[in-house]
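K.L.:
Would you mind keeping the following structure in view while I ask a few things?
The values are calculated or read from the model by the stated rules, or taken from the named source; none is laboratory data. Everything numeric here is computed off the predicted structure, so don't read it as measured data. Using ideal geometry, Cβ is built from the backbone for each residue, glycine included, and neighbour counts are taken over all protein chains shown.
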Amino acid sequence: MLEIKMIDPNAVDDDEKHERLKAELDLLRVGAKAIEKHERLKAELDLLREGARALEKHEGLKAELRQHERHLSLVCQVYGRHYRVWGFRPEHLRQACVARGLMK
């Protein structure tokens, strides 16, 4: 007797299933690489942000130092004019302060 089997149109043979799984695994690998790259870029961006904050602070401190140096220069000029000393420098001012017990 002859037996008739119905073929399910949705049925997938093993080779086709293997190819789909292989393609899915390839996509997962690509996704994992993209995530790793994203994490590296995120870490790099975090470092750059920290560097930017440090540079801004550094520039601010440099500007503040220049301001203090200008003020110190003016104090030296006034002191030098008062005592009629030409070219009075911060080192000389320090020595004068130490000699009078105002600094250590």
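K.L.:
I need the full set of residues from the range 86-104 which are closer than 13 Å to LEU74 by Cα and modelled with pLDDT of 90 or more, in order please.
P.N.:
Once the filter is applied, which keeps residues that are closer than 13 Å to LEU74 by Cα and modelled with pLDDT of 90 or more, the range 86-104 yields ARG89, PRO90, LEU93.
K.L.:
Considering the range 60-104 alone, what residues qualify as being among the hydrophobic types (A, V, I, L, M, F, W, C) and assigned to a loop (DSSP other than H, G, I, E, B)?
P.N.:
VAL85, TRP86, PHE88, LEU102, MET103, listed by residue number.
K.L.:
Report, by residue number, each residue of the range 47-81 that is of a type in the set (Lys, Arg) and at pLDDT 95 or above.
P.N.:
Those that are of a type in the set (Lys, Arg) and at pLDDT 95 or above: ARG49, ARG53, LYS57, LYS62, ARG66, ARG70.
K.L.:
Sort through GLU64, GLU59, GLU39 and tell me the only one that's farther than 30 Å from PRO90 by Cα, out of contact with any helix residue (DSSP H, G or I) (no Cβ under 7 Å at 6 or more places or on another chain) and free of Cβ contacts under 8 Å to residues at least 12 places away in the same chain.
P.N.:
Checking each option against the conditions leaves just GLU39.
Every residue, every condition in (1) of a type in the set (Ser, Thr, Tyr); (2) in contact with a Ser or Thr (Cβ under 7 Å, 6 or more places away or on another chain); (3) surrounded by fewer than 10 Cβ atoms within 10 Å (Cβ to Cβ), yes or no:
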residue	(1), (2), (3)
GLY31	no, no, no
ARG49	no, no, no
ALA52	no, no, no
HIS58	no, no, no
LEU61	no, no, no
TYR79	yes, no, no
GLY87	no, no, yes
ARG94	no, no, no
GLY101	no, no, yes
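K.L.:
Do we have ARG66 as of a type in the set (Lys, Arg) and surrounded by fewer than 10 Cβ atoms within 10 Å (Cβ to Cβ) here?
P.N.:
no
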